[in-house]
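Visitor: Can you read through this structure? Questions will come right after.
The values are calculated or read from the model by the stated rules, or taken from the named source; none is laboratory data. All of these numbers come straight from a predicted model, not from anything done at the bench. Because the Cβ atoms are built from the backbone with ideal geometry, glycine has one as well, and the counts that use them run over all protein chains shown.
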Ligand code: AMP
Ligand code: MG
């Protein structure tokens, strides 16, 4: 069978893959361990726990007062008080009584004191009158059993106190302590070994070399394992080399109850993990390829009873599939109940296209719209970490649909049951200057959400009334002005700041020395080895560039990334020799900068939302001296 056929034949639906994985793993014997009572918090109890003693262990007084025989006090009243002689004994807590209470007698007793022989009721001290040191007088009758807690009335010996599977909280610890239980059997948390795979991975803390990326999945999955009752053991990143990987995998599995890998599932030349699994133990691979997006390359296996999972390499795919398919299995192995599910209805503001034949899950951030909640897709693709990290939850597009329509109503499954909607919603172009304004706002306790969709996306959201502010930097060719011409009724322009645009080059590139921006571009056009990096159509920067180029299309013209940062990275890393970006970004990348024109970064304010407290607070901050100073220092010029 060819590789293409093999892959095609093995694709399962999400539910089918899950059902097969479950069937191969459950029911199973969960590992137990004995822990000291105080160590059991949050753990699942292994067996039913039966009270070994009565609580309280003896009959005891509930109030401070006197214990007596109720029959002696039946006739007591205001007109016919009853006088009882004191035995002289004083029963405090922890003191075993010595004297019997006989007819006509009473003994002083404290709350919690054990009842002596003969006594069958307690009267409160407040309802008695002392008669010298030797006697008391009662003016109310007493009933048998009054103010007594009988042995076993709280918990009776032999009673089941905590059922197997219960999660231990302070309440259970209280009951168990009262029974004198010092240690108990709980479900041992599954030990989960985690390995990342890929030649390109570097651990955070080490320097990033050319073409390398930081290992995102390792630390993220380890944390997600701990969040779901497992004990993670992250073993680092292994290169895509079969022998090394096989050794690492088999060693990792030896000391663990579960093995989670990420990457290496796409059946490419360097992807070998799934072949190793077959050799790790039976039955091996259960599902390789699931008709699910994000997460198609997921591989589920069971080796000698232990789950072995290869999560997709892309961080959002890895986290989503972990959340959707692995966390439930891990929780069952840890004896924890399924995660509390919380769903909420929301409207999708923009159309999302979807591949036919695969169930697609769209990560979304929730914001307050003009008529109810809106689910804003956070997707920058499953390769992005933020698609998952900045989402509140996700909704599903059926395998048989090729898109989700704008305006459609969807049920959003929340990642956490405690949803907090933002006080201020900003949708549009992101700028590091914006963080200088939202930072203090968040420090003052307001929840701010910034959804970066670019100027045009933000403007459209503002026109639909879906955000409070839309940061934009749009240049109008005809009027040769920024932003204002793009506004429509219901929006007003709040001046933000100016960002100097200019030509960037590597400082050691002598060709640019001593030139201004137009001269630098003229030089670059003459020098055929001088490679440019352009910007995308529609970007304000692109309009400025086209002007400088005046119809020329030098080498690199078709390299058109969508952000200021991407231009700077291309020049800094030598994929291009020059491009146009803003000064703060040039500075951050250590590039030479030849100023050309100022770009206006302003905010379109939705007028109907102007009086929201968070909007007012934002605008006040924007106008404050402190923020103006901070913007200036960061290389922006407040408008
Ligand atoms: P693979 O399945 O190994 O082909 O990986 C698919 C994509 O995910 C590649 O772009 C990898 O660089 C990326 N990737 C794999 N593992 C990780 C990881 N641990 N952290 C971040 N990205 C990763
Ligand atoms: Mg890889």
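Visitor: Go over the candidates 245, 259 one by one and state the one that is within 12 Å of ligand 1 (Cβ to nearest atom), more than 22 Å from residue 387 (Cβ to Cβ) and touching a residue at least 40 places away in the same chain (Cβ under 8 Å). So that I can check it myself, show each step before the final result.
Guide: Details: 259 fails: within 12 Å of ligand 1 (Cβ to nearest atom).
After applying the criteria, what remains is 245.
Visitor: Which one of these is in contact (Cβ under 8 Å) with a residue 60 or more places away in the chain, more than 12 Å from ligand 1 (Cβ to nearest atom) and touching a strand residue (DSSP E or B) at 6+ places or on another chain (Cβ under 7 Å): 309, 329?
Guide: Working: 309 fails: in contact (Cβ under 8 Å) with a residue 60 or more places away in the chain.
On inspection, the qualifying residue turns out to be 329.
Residue-by-condition table, conditions (1) in a strand (DSSP E or B); (2) away from ligand 2 (no atom under 16 Å from the Cβ); (3) at pLDDT below 95; (4) surrounded by fewer than 13 Cβ atoms within 10 Å (Cβ to Cβ):
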position: 210; (1), (2), (3), (4): no, yes, yes, yes
position: 221; (1), (2), (3), (4): no, no, no, no
position: 232; (1), (2), (3), (4): yes, yes, no, no
position: 237; (1), (2), (3), (4): yes, no, no, no
position: 240; (1), (2), (3), (4): no, no, yes, no
position: 245; (1), (2), (3), (4): no, no, yes, no
position: 252; (1), (2), (3), (4): no, yes, no, no
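Visitor: Now a separate question. Which of the following residues is within 15 Å of ligand 1 (Cβ to nearest atom), closer than 20 Å to residue 385 by Cβ and in contact (Cβ under 8 Å) with a residue 60 or more places away in the chain: 213, 194?
Guide: Numbers: 213 fails: in contact (Cβ under 8 Å) with a residue 60 or more places away in the chain.
Answer to the selection: 194.
Visitor: Can I ask one more? Suppose we filter 344, 310 for residues that are within 16 Å of ligand 2 (Cβ to nearest atom) and either in the same structural domain as residue 390 (by TED's automatic domain parsing) or assigned to a strand (DSSP E or B) (or both); which single one remains? Walk me through it before giving the result.
Guide: On the way: 344 fails: within 16 Å of ligand 2 (Cβ to nearest atom).
Exactly one of 344, 310 is within 16 Å of ligand 2 (Cβ to nearest atom) and either in the same structural domain as residue 390 (by TED's automatic domain parsing) or assigned to a strand (DSSP E or B) (or both), namely 310.
Visitor: Just the residues that are in contact with a helix residue (DSSP H, G or I) (Cβ under 6 Å, 6 or more places away or on another chain) and part of a loop (DSSP other than H, G, I, E, B), please, taken from region 385-409. Lay out the reasoning, then the answer.
Guide: Applying the first criterion (in contact with a helix residue (DSSP H, G or I) (Cβ under 6 Å, 6 or more places away or on another chain)) to region 385-409 yields 385, 387-388.
Within region 385-409, 385 is the sole residue that qualifies.
Visitor: Whether any residue in region 446-462 is surrounded by fewer than 16 Cβ atoms within 10 Å (Cβ to Cβ), over 29 Å from residue 395 (Cα atoms) and in the same structural domain as residue 545 (by TED's automatic domain parsing) is what I want to check.
Guide: no
Visitor: Here's a follow-up. For region 513-536, which residues satisfy the criterion of being outside any loop (DSSP other than H, G, I, E, B) and buried (at least 21 other Cβ atoms within 10 Å of the Cβ)? Please lay out each step first, then the result.
Guide: So the first thing to find is which residues in region 513-536 are outside any loop (DSSP other than H, G, I, E, B), and the list is 517-526, 532-533.
Matches in region 513-536: 520, 521, 524, 532, 533.
Visitor: Which residues, taken from region 472-512, are modelled with pLDDT under 95 and part of a loop (DSSP other than H, G, I, E, B)?
Guide: 473, 474, 477, 478, 479, 480
Visitor: May I pose another question? Do any strands (runs of 3 or more DSSP E) entirely within region 123-183 hold 2 or more residues that are more than 30 Å from residue 78 (Cα to Cα), and if so, which? Write out each step before concluding.
Guide: Values: elements: 128-131, 135-138, 160-162.
The qualifying strands (runs of 3 or more DSSP E) are 160-162.
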